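Contents: one structure, followed by commentary.
Just so you know, all these numbers are worked out from the coordinates, no wet-lab data involved. Keep in mind the model is a prediction, meaning the values are calculated, not measured. So basically every Cβ, Gly included, is an ideal-geometry build from the backbone, and we count neighbours across all protein chains shown.
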Amino acid sequence: MKTRCPNCGATLSLDAIVAHEGARDALYAAFTLGGELGAAAVSYLGLFRPEKRELSLDRVAKLLNEILPDVQAQRITRNGTVYDAPIDAWVWAMREAVKARDAGRLQLPLTSHGWLYQVITTYKPDTAQLLHPAKQGTAAMAGSKTMSGLMALESLKHG
């Protein structure tokens, strides 16, 4: 059975995916990310696809494995400064990348994760409310120290 990724354009049979080392590595890395982050990462990876070619599974595995240690550590280093990068920051930044592409503000294909990491440096925990609007509450509650503390605890629970 042939499959085609809607984001990266790769076309391959399931048997070939299992037999191909790069494809196995890509699947493992994607499953490691999982959930909301995994879905955001698939869309983000599509930004690396050359206009007239498919994104190879070896490249997908390489791209995912480049960010995986930082995702797991929930920290990044950019220009010598260390920034907290909780899972919500990664999801938010990847979604911002897709929005920037859709608005024509991003030159494609991406060649590195530099843009993503720069966006993560601007992450504010309040942006996590955009990921979970049901948890948002009233404007007064969102600005309270108690609510900020509860949101911080909630992010640790999911991290």
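Near residue 11, within a Cβ-to-Cβ distance under 14 Å, what is the net charge of the other residues, with Lys and Arg +1 and Asp and Glu -1? Could you put the intermediate results ahead of the total?
Values: positive: 2, 4, 49, 53; negative: 15, 54.
Computed value for this residue: +2.
Annotation note: GluC sites (Glu not before Pro) in region 1-110 located in DSSP loop regions with a Cβ neighbour count of at most 14 within 10 Å are 51.
Listed by Cβ neighbour count within 10 Å, with the fewest neighbours leading, 62, 124 appear as 124, 62.
Cα-Cα pairs above 13 Å in region 74-116: how many percent? Here the tail beyond 13 Å accounts for 60 percent of pairs.
By the count of neighbouring beta-carbon atoms within 10 Å, fewest first, 28, 83 end up ordered 28, 83.
Residue 47: net charge of surrounding residues, Cβ under 13 Å, Lys/Arg +1, Asp/Glu -1, itself excluded? Here the count lands on +3. Placing dummy labels 7 Å off each Cα toward the beta-carbon, the span from residue 19 to residue 2 is 1.6 nm.
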